[in-house]
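To start, the structure itself, in structure tokens.
The values are calculated or read from the model by the stated rules, or taken from the named source; none is laboratory data. As the structure is a prediction and not an experimental result, all values here were calculated from the model. For neighbour counting, all protein chains shown are included, and Cβ atoms are generated from backbone atoms with ideal geometry for every residue, glycine included. Please note that ligands, DNA and RNA were not included when accessible areas were found on the heavy atoms of the full protein model with its side chains. Shrake-Rupley method; radii C 1.70, N 1.55, O 1.52, S 1.80 Å.
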Amino acid sequence: GFEMIFSEMEEERSQRAYNPCQEFKFNRGYTIPLKLANRRFAKYSGAGGRTDKLKTFKNLISGSKGVGGHKGEVIMNQKRFFAKYKCNRDSLRYTPEAYLLYDPKDCNSFFNGGGVASSMWVLKPVRAVGGKGVKLYKTKEELQSIYGSCQKRAPDFIVQKFIPNRLLFANKWWDMKVFMLIANTSPHFVLYHQGYLRSAKIHSTGMVKPKVSEAVVGSDSEQLFDSNSLLAMAKNDVFGEEAPEPASTPNVEEDFVSEADIPDTDSDGEGSNEKNKKGTLNVFNMEEADEITLEKWEPDEYNTGSIWELGETFWTFEDWQDKMAKENAIGSRYADSIFDTYVKKVVNMLFHSVRDDLNRTKHAYELFQLNFAIDEKFVIHYLGSKSIDPEESFPNTEELKEKKANFLETLAGLILEHHDTPAAFLRMKYGDSYGEWRVAFSEMEEHQMGYTGTYDPCAVFRRNLMVTKGSIYKNAWLHNYAEKRHAANKREMNKYITNKWATCKHRPTKDMISSCIRNTISYRYKIYIAKEGIEYQDGYVENRIRDLIARREAENKGGG
């Protein structure tokens with residue numbers, strides 16, 4: 001794919017002008033070690049390479065608890081880091097508000113001022129794994145009756161603002177797992193890697209089956225984002241009850257499509273997308289409602305005591321991006337561009353939050369798993385991070401088997417090669433690739449470019465880094481991925497049939513022509529319907545043969 005070389009917006013943000021003298025200042029010195037390094041790297045990632053040596057390395061770097069420790073340590077580290085630069089971590093919207101109930105100062109801040117009173121809150125044990133022990137509280141008052149004394153005690157619980165409007169796809173919530181790697185500390189070298197998506201749902205005593213009209217993106221029963229429904233989103237209010245957050249948020253009608261381009265639909269029409277009370281989109285025809293059964297995904301209302309359960313459905317980011325783009329919900333490169341770009345900013349911030357505490361240790365690295373969620377407005381929320389064993393990075397499922405194998409192979413090669421000859425990586429900069437790994441920070445780049453400033457998380461996250469929902473829908477509309485995929489599948493089928501027809505059409509009889517072309521049409525048509533996900537049409541092959549022969553005869557008559 002394409003790799004970004006220059007962005008004027010990034011230049012404006014960083015306030016750094018390109019200096020070719022600085023860029024190539026150490027070029028000769030950087031080139032010298034490459035020949036030897038490439039030979040050495042062959043023993044790790046070459047055809048017969050071995051990575052057993054990684055077992056002698058330690059997956060732990062002293063001083064990293066602010067990213068990989070328990071939930072309370074991670075949250076407090078970020079609060080202190082942002083406070084150091086005179087801003088409040090909980091007001092910057094990159095992550096839900098969170099408070100430590102075992103820390104008297106933070107606990108009092110929550111009950112006596114912090115935290116919106118009308119919000120719902122999630123109580124989490126600091127060492128909770130897989131949603132175990134996590135519970136929902138509808139009000140702050142319910143929590144205060146239990147934890148309001150704010151006494152100092154051993155770390156036990158944190159409370160985090162609940163995100164009630166999670167983006168639903170295939171009628172499920174999804175946790176989005178990605179990875180951060182500190183590959184080396186001498187010099188610091190930090191990278192990012194996409195992970196996988198895992199379904200999640202909430203259980204409550206008030207749970208009932210959702211109404212059919214509350215359909216969500218990705219149902220297998222119906223295509224939910226066609227061009228008409230997408231345009232209708234621009235006409236209707238799809239942002240829920242809240243006013244647009246930043247002043248710069250574009251007006252959906254003006255930014256997305258002109259009024260003249262919006263098809264007229266009445267409230268009962270097929271293109272209707274009226275918003276229900278919860279802000280989900282009504283996209284099913286009522287005539288079809290009786291035939292559609294949706295899985296129970298969340299209660300009609302949230303109750304105190306609701307618990308989380310991780311589902312057993314797993315997707316790669318490629319699968320999720322492809323399915324969403326087919327429904328015209330996002331552009332066909334959303335995960336690779338918008339999501340990845342934002343997550344790398346978070347990875348960079350997390351590293352800098354512990355950079356001064358990290359012990360420069362030989363033969364050591366540390367792998368972290370980060371958890372994200374996306375809401376209905378396509379706001380990306382960082383939910384937490386933890387240190388993780390590489391072997392536990394991906395679940396052992398068939399869907400992720402190949403992804404996990406490639407991940408572990410490139411992880412081992414990257415770490416071993418960088419520790420063996422770090423000078424070979426001197427030219428790698430922010431965003432550069434090693435397999436599917438992307439550089440999030442390089443101390444060597446910092447030295448080469450002569451950066452002397454201080455990383456300021458408040459400056460980075462004070463600006464609204466989120467791409468607006470209207471822009472994402474506009475991007476999906478411009479990509480029109482579903483229609484492009486359909487056209488590509490049709491072109492592929494016709495290409496093979498046309499190539500074969502060039503030979504078959506010269507046969508002397510109709511029967512010989514038919515016999516020559518029939519297998520090709522049948523085979524390519526089966527591939528086409530499999531890719532399109534449509535039913536086999538009886539008579540298609542014979543009709544296609546008759547059409548080709550008829551056109552051949554017409555051409556011969558015209559030529560005669």
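Answer yes if at least one residue in segment 411-421 is surrounded by fewer than 17 Cβ atoms within 10 Å (Cβ to Cβ), assigned to a helix (DSSP H, G or I), in contact (Cβ under 8 Å) with a residue 24 or more places away in the chain and over 20 Å from the mean Cα position of the chain (by Cα), and no otherwise.
yes
I'd like to verify a number: residues in segment 134-171 that are buried (at least 18 other Cβ atoms within 10 Å of the Cβ), in contact (Cβ under 8 Å) with a residue 40 or more places away in the chain and among the charged types (D, E, K, R), how many?
Final tally of qualifying residues: 3.
With respect to residue 124, determine if the residue is open to solvent by 80 Å² or more (accessible area, probe 1.4 Å) and within 26 Å of the chain's Cα centre (by Cα).
Values: open to solvent by 80 Å² or more (accessible area, probe 1.4 Å): no; within 26 Å of the chain's Cα centre (by Cα): yes.
Considered against the rule, which asks whether it is open to solvent by 80 Å² or more (accessible area, probe 1.4 Å) and within 26 Å of the chain's Cα centre (by Cα), residue 124 comes out as no.
Assess whether residue 387 counts as being touching a Gly at 6+ places or on another chain (Cβ under 6 Å) and farther than 17 Å from residue 457 by Cβ.
For residue 387, the condition - touching a Gly at 6+ places or on another chain (Cβ under 6 Å) and farther than 17 Å from residue 457 by Cβ - is met.
Return yes when residue 102 is more than 23 Å from residue 370 (Cα to Cα), more than 29 Å from the chain's Cα centre (by Cα), open to solvent by 30 Å² or more (accessible area, probe 1.4 Å) and among the aromatic types (Phe, Trp, Tyr) and no when it is not. Break it down stepwise before answering.
On the way: more than 23 Å from residue 370 (Cα to Cα): yes; more than 29 Å from the chain's Cα centre (by Cα): yes; open to solvent by 30 Å² or more (accessible area, probe 1.4 Å): no; among the aromatic types (Phe, Trp, Tyr): yes.
For residue 102, the condition - more than 23 Å from residue 370 (Cα to Cα), more than 29 Å from the chain's Cα centre (by Cα), open to solvent by 30 Å² or more (accessible area, probe 1.4 Å) and among the aromatic types (Phe, Trp, Tyr) - is not met.
Run down 499, 494, 489 and say which single residue is surrounded by fewer than 13 Cβ atoms within 10 Å (Cβ to Cβ) and in a helix (DSSP H, G or I). Quick ask: steps written out before the conclusion?
Numbers: 494 fails: surrounded by fewer than 13 Cβ atoms within 10 Å (Cβ to Cβ); 489 fails: surrounded by fewer than 13 Cβ atoms within 10 Å (Cβ to Cβ).
Criteria check complete, one pass: 499.
Do we find that residue 114 is modelled with pLDDT under 85, over 28 Å from the mean Cα position of the chain (by Cα) and under 19 Å from residue 383 (Cα atoms) in this structure?
Values: modelled with pLDDT under 85: yes; over 28 Å from the mean Cα position of the chain (by Cα): yes; under 19 Å from residue 383 (Cα atoms): yes.
It is true that residue 114 is modelled with pLDDT under 85, over 28 Å from the mean Cα position of the chain (by Cα) and under 19 Å from residue 383 (Cα atoms).
Taking only pairs six or more apart or across chains, which ones have beta-carbon atoms under 6 Å, a first residue in segment 56-71 that is over 26 Å from residue 420 (Cα atoms) and part of a loop (DSSP other than H, G, I, E, B), and a second residue that is among the β-branched types (Val, Ile, Thr) and open to solvent by less than 20 Å² (accessible area, probe 1.4 Å)?
70/126
Does residue 85 satisfy being open to solvent by less than 20 Å² (accessible area, probe 1.4 Å), aromatic (Phe, Trp, Tyr) and at pLDDT 90 or above? Break it down into steps so the answer makes sense when it comes.
Working: open to solvent by less than 20 Å² (accessible area, probe 1.4 Å): no; aromatic (Phe, Trp, Tyr): yes; at pLDDT 90 or above: yes.
The answer is no for residue 85.
So which strands (runs of 3 or more DSSP E) are wholly in segment 302-403 and hold at least 1 residues that are at pLDDT below 90 and open to solvent by less than 40 Å² (accessible area, probe 1.4 Å)?
Working: elements: 307-316, 364-374, 380-387.
In segment 302-403, the matching strands (runs of 3 or more DSSP E) lie at 307-316.
Tell me, please, whether a residue that is part of a helix (DSSP H, G or I), modelled with pLDDT of 90 or more and more than 30 Å from residue 323 (Cα to Cα) can be found in segment 524-543.
So far as segment 524-543 goes, yes, one or more of its residues are part of a helix (DSSP H, G or I), modelled with pLDDT of 90 or more and more than 30 Å from residue 323 (Cα to Cα).
Give the residue, chosen from 113, 131, that is of a type in the set (Gly, Ala, Ser), closer than 29 Å to residue 313 by Cα and surrounded by fewer than 20 Cβ atoms within 10 Å (Cβ to Cβ). Break it down stepwise before answering.
Numbers: 113 fails: closer than 29 Å to residue 313 by Cα.
Checking each option against the conditions leaves just 131.
Could we say that residue 455 is within 40 Å of the chain's Cα centre (by Cα), hydroxyl-bearing (Ser, Thr, Tyr), open to solvent by 90 Å² or more (accessible area, probe 1.4 Å) and modelled with pLDDT of 90 or more here? Break it down stepwise before answering.
Values: within 40 Å of the chain's Cα centre (by Cα): yes; hydroxyl-bearing (Ser, Thr, Tyr): yes; open to solvent by 90 Å² or more (accessible area, probe 1.4 Å): no; modelled with pLDDT of 90 or more: yes.
No, not satisfied.
Conditions first: (1) over 22 Å from residue 372 (Cα atoms); (2) in contact with a helix residue (DSSP H, G or I) (Cβ under 8 Å, 6 or more places away or on another chain). Residue 84 passes all but one, so which condition is the exception?
(2)
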